[in-house]
Amino acid sequence: MKYQSIRMTHVDGRMHHLGVKEEHISKNVILTSDPNMVNYYASLMDDAVMQGDYREYVTYKGTYKGKELTVMSCGFGCMPMAIAVEELKHIGGENVILINENVAVNEDLKCGELIAAKGAVRSEGASREYIDISYPAVANMKLLRKLISQKVKIGLFRSHDMSNLDSPYAFDGMERINRWKKLGVDVFDSETSSMYVVGSCLKMNVASLSLISENYITGDSLSESELDEGRKKMFKVAAEALSE
Amino acid sequence: MKKYYNSKPILNEAGNLKRTGLPFNGMVKGVLLPGDPHRSELMSKQFVNPEFVSKAGTYVAYKGKTANGKDVAVVSSGMGPKCVSTVLEDLSFAGASTIIRVGTCGGVQPGLIPGTIVISSGCVRGEGASYEIVPPEFPAVADPFVIDALSRACEEYGEDYMVGMYRSHDAFYVESKAAHEGLRERMQKWIDADVKVVENESGTLFTFGHLLGLKTCSICVALGSMFDELDENGNAIYAVYQDPNYLKSRIETVTKIAIRAIEILEQEGNI
């Protein structure tokens, strides 16, 4: 497949799903899954103005340390993530960092720590439509290095769309967790592998950073105030990486 | 229907389901499931006495009554299988029993008329999520009672409709009017096998719904065929978007049909 999708828009030129066009974003973008969290993250940058609120995509543009920055939600799972990467490419997005709260399945990871994905297990469907399963979901090294330089941990993620299945809440959840834990998977999420594969195919710079909000092995989790502190730290690390 | 997948509900401090905000054991049986979070409120305007229930993530819920006084609700999922798996599990904890997806889809068949109403018979499992819960040979089928109720509701309102095969998948830009090159070659086997439309939720809805003991079906408006011509600038715009009011009116029509189907199922004890 030659990776060159067609620009799909509304009659006024806004992208079909994102509901924004070129002037509404900057080349550096921070993504987060939950549309209700974008306002929170936008409040951590300067002069943030809402540019769009369409489907699950809420978009703000502002600045961080004087450099233009966009914060946008990308919805939950591989499907809206693949669309976000595709449509950002069409309207000038270049460097994209995903920030989310996720669960750890490695007992050595403490709640409140930040971890960036060097790669991800491709347990979702979107990336398989782009290329063979043998193609690895790996981070862009330029962006990853900027995260590493800020002392975040590096690990392996597993991305899939049946999130509660691999949890202590499901009847065979611990068996399923242990299968991946034994292979050295550190974190479960739903978006990183599709972001990495689609990003690689489209020659975008993409990286995924997570705040450990819960550890399924130790049973620890963050309180609301600890979550707030962690989110601020996570945003700062991503914004610094994009503002250099 | 029997439940074959069991898990523990995850509740927040208020006692509601944490991920979706839905009330634990507090929802009605018949639920409409649009993909777009902005569509819940619009669709609830067709209920008698609509009432806001909850909002979290992409999950926005309203409930109300049908014209004949039956309970009905609408909960948005968000796009794709991750949202569907989350909302289905929570809907089963909230007390729902019949879920009708109301949304839009792209035409697989060349020449499919924009605005066509398509009710699902079953769904090709082109998405990834259902492979985590059932083997590849397991069928994604819609509930026949719900298909029947939706069909009769269409007939009552004098609306043309087709009942046919859906295909779900996760990568919009691989199978759509805006797809990367080689679309026709990728789609030919589905065209030949009489798949009518492509969308992103029904594969997960039918398989996970089955394990959760939920009756499920989809009714969608076709945006046009993925093989329709591009515009003069080489951009892709699905035909129904040329006139935003037309799509709005078609969504209103399928919403009305789905509400009537819930009423029929209630009246006949099939919910």
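The values are calculated or read from the model by the stated rules, or taken from the named source; none is laboratory data. Only a predicted model underlies this, so the values are computations on that prediction, with no experimental measurement involved. Neighbour counts run over all protein chains shown; Cβ positions are idealised from the backbone, glycine included. Just so you know, the surface numbers come from the protein's heavy atoms only, side chains and all, with ligands and any DNA or RNA stripped out. Shrake-Rupley method; radii C 1.70, N 1.55, O 1.52, S 1.80 Å.
The set of residues in the range B:154-184 that are of a type outside the set (A, V, I, L, M) and closer than 21 Å to residue A:127 by Cβ comprises B:167, B:168, B:169, B:170, B:172, B:173, B:175, B:176, B:180, B:181, B:182. Inspect all residues belonging to the range B:218-225 and state whether any of them is of a type outside the set (Val, Ile, Thr), within 13 Å of another protein chain (Cβ to nearest Cβ) and either touching a residue at least 24 places away in the same chain (Cβ under 8 Å) or open to solvent by 40 Å² or more (accessible area, probe 1.4 Å) (or both). Within the range B:218-225, one or more residues are of a type outside the set (Val, Ile, Thr), within 13 Å of another protein chain (Cβ to nearest Cβ) and either touching a residue at least 24 places away in the same chain (Cβ under 8 Å) or open to solvent by 40 Å² or more (accessible area, probe 1.4 Å) (or both). For the range A:1-16, a tally of residues being surrounded by fewer than 18 Cβ atoms within 10 Å (Cβ to Cβ), of a type in the set (D, E, K, R) and within 7 Å of chain B (Cβ to nearest Cβ) returns 1. Counting only residues that are within 14 Å of another protein chain (Cβ to nearest Cβ) and over 19 Å from the mean Cα position of the chain (by Cα), which one in the range B:239-270 is surrounded by the fewest Cβ atoms within 10 Å (Cβ to Cβ)? Looking at residues that are within 14 Å of another protein chain (Cβ to nearest Cβ) and over 19 Å from the mean Cα position of the chain (by Cα), I get B:245.
Could you look through the range A:99-128, keep only residues that are away from chain B (no Cβ under 14 Å) and assigned to a strand (DSSP E or B), and pick out the one that is surrounded by the most Cβ atoms within 10 Å (Cβ to Cβ)? Looking at residues that are away from chain B (no Cβ under 14 Å) and assigned to a strand (DSSP E or B), I get A:117.
Scanning the range A:129-153 for residues that are touching a residue at least 40 places away in the same chain (Cβ under 8 Å), aliphatic (A, V, I, L, M) and away from chain B (no Cβ under 14 Å) yields A:138, A:139, A:143, A:144, A:147, A:152.
Scan the range B:196-229 residue by residue and report those that are in a strand (DSSP E or B) and either touching a Cys at 6+ places or on another chain (Cβ under 9 Å) or aromatic (Phe, Trp, Tyr) (or both). Residues satisfying the conditions are B:196, B:197, B:198, B:199, B:218, B:219, B:220, B:221, B:222, B:223. The residues of the range B:31-71 that are acidic (Asp, Glu) and touching a Gly at 6+ places or on another chain (Cβ under 8 Å), listed by number, are B:36, B:51, B:71.
I want to confirm something. Restricting to the range B:227-238 and keeping residues that are away from chain A (no Cβ under 11 Å) and among the charged types (D, E, K, R), which single residue is farthest from residue B:47 (Cα to Cα)? This residue is B:232. Identify, please: which residue in the range A:17-72 is of a type in the set (Asp, Glu) and within 12 Å of another protein chain (Cβ to nearest Cβ) and is, among those, surrounded by the most Cβ atoms within 10 Å (Cβ to Cβ)? Among those that are of a type in the set (Asp, Glu) and within 12 Å of another protein chain (Cβ to nearest Cβ), it is A:56.
Conditions: (1) surrounded by fewer than 19 Cβ atoms within 10 Å (Cβ to Cβ); (2) part of a strand (DSSP E or B); (3) under 19 Å from the mean Cα position of the chain (by Cα). Residue B:62 meets all but one. Number of the miss? Unmet condition: (1).
Do we have residue B:187 as more than 9 Å from chain A (Cβ to nearest Cβ), out of contact with any Pro (no Cβ under 9 Å at 6 or more places or on another chain), assigned to a strand (DSSP E or B) and within 28 Å of residue B:100 (Cβ to Cβ) here? The answer is no for residue B:187.
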